[in-house]
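The values are calculated or read from the model by the stated rules, or taken from the named source; none is laboratory data. Computed from a predicted model, the values in this text were never measured in an experiment. So basically every Cβ, Gly included, is an ideal-geometry build from the backbone, and we count neighbours across all protein chains shown. In case anyone asks, the SASA skips ligands and DNA or RNA and just uses the protein heavy atoms, side chains included. Shrake-Rupley method; radii C 1.70, N 1.55, O 1.52, S 1.80 Å.
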Amino acid sequence: MTIESRLAEVGIALPDAPAPAANYVPFVQVGDIVYVSGQISNSSDGLITGKLGETMEVAAGAAAAKSCAINLLAQVKAACGGDIERLVRVIKLTGFVNSTADFTNQPQVINGASDFLVEVLGDAGRHSRSAVSAASLPLGVAVEIEGIFQIA
C-alpha cells in the first residue's frame, strides 16, 4: 500500500507545505536526510492554541500534535519534489508542548504525532523522540514539532 493511499484511507489529504514565518527555510536536505523545521499546530480553522494543564486537556493536545505531524509530512513531500513515496522512514521527532510548570504528560501529547505516523507509515513511522515542555510557543500554539526523515 502506498503512503498516499494510506493517508486517503485514514481521511487525510496533505495540505500544501506551510511557508516559513521568518528568516529560515522549511527544510534542509543533506544527502538522504531531510531536517524539517518546527511545524506548529493548526487546522482548517486556524491555529490550535492553548496551554496544556491550564486551558487544554491531553486529548486536545494530542490532536494538536497530530496536526503538526501532518504538516511535517507535507514538508517532506515538498522536499521530495511532490513524491511522498520517496519517504523511507521517520528518524526523530522533537516535540515542544506549551504547558504549565506542573504539567507532566508531554509524552502523551506528542503521542498524537507518533501514533499518527506509525498508523500511516507502519514500521517506517517508528522513530526516536523527545517530548519537552515550553513556557510558551510562537503565536500561543499548543504544540510545535520538528523532524528528521530519510528519503530515497
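Quick notes on this structure:
- Boolean, Ala19 is at pLDDT below 95 and open to solvent by 20 Å² or more (accessible area, probe 1.4 Å): yes
- Identity of the residue in the stretch 1-23, touching a helix residue (DSSP H, G or I) at 6+ places or on another chain (Cβ under 8 Å) and assigned to a helix (DSSP H, G or I), that ends up nearest to Cys68 (Cα to Cα): Leu7
- Test for Val120: is it under 22 Å from Asp16 (Cβ atoms), part of a helix (DSSP H, G or I) and either over 12 Å from the mean Cα position of the chain (by Cα) or charged (D, E, K, R) (or both): yes
- Close pairs from the stretch 24-49: first more than 21 Å from Ile110 (Cα to Cα), partner open to solvent by 40 Å² or more (accessible area, probe 1.4 Å) and assigned to a strand (DSSP E or B), Cβ under 9 Å, at least 6 apart: Val28/Tyr35; Gln29/Tyr35; Asp32/Val88; Asp32/Gln150; Ile33/Ile91; Ile33/Ile148; Ile33/Gln150
- Residue satisfying all of: in the stretch 123-152; part of a strand (DSSP E or B) and of a type in the set (Ser, Thr, Tyr); nearest to Glu54 (Cα to Cα) among these: Ser133
- All conditions but one from (1) out of contact with any Asp or Glu (no Cβ under 9 Å at 6 or more places or on another chain); (2) farther than 16 Å from Ala19 by Cβ apply to Gln75; the one that does not is (2).
- Taking the criterion of being open to solvent by 50 Å² or more (accessible area, probe 1.4 Å) and either under 10 Å from the mean Cα position of the chain (by Cα) or of a type outside the set (Asp, Glu) (or both), the residues of the stretch 79-94 that qualify are Gly81, Arg86, Val88, Arg89, Ile91, Lys92.
- Neighbours by Cβ (under 7 Å, 6+ apart or cross-chain): first from the stretch 94-118, free of Cβ contacts under 8 Å to residues at least 60 places away in the same chain; second acidic (Asp, Glu): Thr94/Glu146; Phe96/Glu144; Thr100/Glu54
- For the stretch 14-27, the criterion of a residue being among the charged types (D, E, K, R) and over 16 Å from the mean Cα position of the chain (by Cα) is satisfied by no position.
- Lone unmet requirement of (1) surrounded by fewer than 20 Cβ atoms within 10 Å (Cβ to Cβ); (2) in contact with a helix residue (DSSP H, G or I) (Cβ under 9 Å, 6 or more places away or on another chain); (3) over 27 Å from Ala8 (Cα atoms) for Glu54: (2)
- Qualifying residue in the stretch 39-47 (condition: of a type in the set (A, V, I, L, M), more than 17 Å from Gly81 (Cβ to Cβ), open to solvent by 70 Å² or more (accessible area, probe 1.4 Å) and assigned to a strand (DSSP E or B)): yes
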